[in-house]
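Here is the structure we will look at.
The values are calculated or read from the model by the stated rules, or taken from the named source; none is laboratory data. Quantities reported herein were computed from a predicted structural model and do not represent experimental measurements. Heads up, the Cβs are rebuilt from the backbone with ideal geometry, glycines too, and the neighbour counts pull from every protein chain shown. These area figures cover heavy atoms from the full protein model, side chains too; ligands, DNA and RNA do not enter into them. Shrake-Rupley method; radii C 1.70, N 1.55, O 1.52, S 1.80 Å.
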Amino acid sequence: MSATPIDDQNFTTMFSVDQSPEEVFDAINNVRGWWSQDIDGKTEELDDEFTYRYKDVHSCTIKVTEVASGKKVAWLVLDAYLEFTEDKSEWKGTEIHFEIAPKADKTEIRFTHLGLVPDHECFDVCSNSWDFYLNTSLRGLIRTGRGLPNRKEQAASA
């Protein structure tokens, strides 16, 4: 497991699991199972669009741009809001790639957030968050069927 920028560029992390590439692919596409339950829209097929929200701190609209069963999932961030950065739309136009490959008797997951680079204000916070969501939550979902996504915020009742 590594969670460091490669050549001071895009945030990349990878890990391996015992499950098949198809099981990994299915878990990645179950975004509500590992990233957040507060997702609106479809997340599994080419050209699907969904919106992620975390309180009033972070939101983004994502389009699924590549789906290759058992091999790859790619997303494009169409719009973004980061409350804690000067450039509130720092993620806009970035790409998120999940590459899946069999390695010996395991399956390797390589995650790259193209455009999330060390000179961006959100790099430290965002890379630490991705590290948790991927290496803890997604890995847990793949291995045990249970991830640790953000819970959907409940509207206050009157």
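Among the residues that make up the stretch 85-100, is at least one of them farther than 20 Å from V117 by Cβ and either in contact (Cβ under 8 Å) with a residue 24 or more places away in the chain or not hydroxyl-bearing (S, T, Y) (or both)?
yes
Tell me which residues, restricted to the stretch 14-55, are open to solvent by less than 10 Å² (accessible area, probe 1.4 Å) and either at pLDDT below 95 or in a loop (DSSP other than H, G, I, E, B) (or both).
Residues satisfying the conditions are W35, T43.
For the stretch 57-158, which fully contained strands (runs of 3 or more DSSP E) count at least 2 residues that are aliphatic (A, V, I, L, M) and within 13 Å of F15 (Cα to Cα)?
Once the strands (runs of 3 or more DSSP E) in the stretch 57-158 are filtered for at least 2 residues that are aliphatic (A, V, I, L, M) and within 13 Å of F15 (Cα to Cα), what remains is 95-103.
Let's see how each residue does on (1) open to solvent by 50 Å² or more (accessible area, probe 1.4 Å); (2) not hydrophobic (A, V, I, L, M, F, W, C):
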{"position": "V73", "(1), (2)": "no, no"}
{"position": "A80", "(1), (2)": "no, no"}
{"position": "D87", "(1), (2)": "yes, yes"}
{"position": "E95", "(1), (2)": "yes, yes"}
{"position": "F98", "(1), (2)": "no, no"}
{"position": "K106", "(1), (2)": "yes, yes"}
{"position": "I109", "(1), (2)": "no, no"}
{"position": "G115", "(1), (2)": "no, yes"}
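Can we say T107 is over 20 Å from L134 (Cα atoms) and over 13 Å from the mean Cα position of the chain (by Cα)?
No, not satisfied.
Among all residue pairs at least 6 apart or on different chains, which show Cβ distances below 9 Å where the first residue, located in the stretch 108-128, is within 24 Å of K72 (Cα to Cα) and free of Cβ contacts under 8 Å to residues at least 12 places away in the same chain and the second is outside any helix (DSSP H, G or I) and open to solvent by 10 Å² or more (accessible area, probe 1.4 Å)?
Pairs found: N128/A3.
Hey, among the residues in the stretch 129-158 that are modelled with pLDDT under 95 and not aliphatic (A, V, I, L, M), which one's most open to solvent (accessible area, probe 1.4 Å)?
Looking at residues that are modelled with pLDDT under 95 and not aliphatic (A, V, I, L, M), I get R151.
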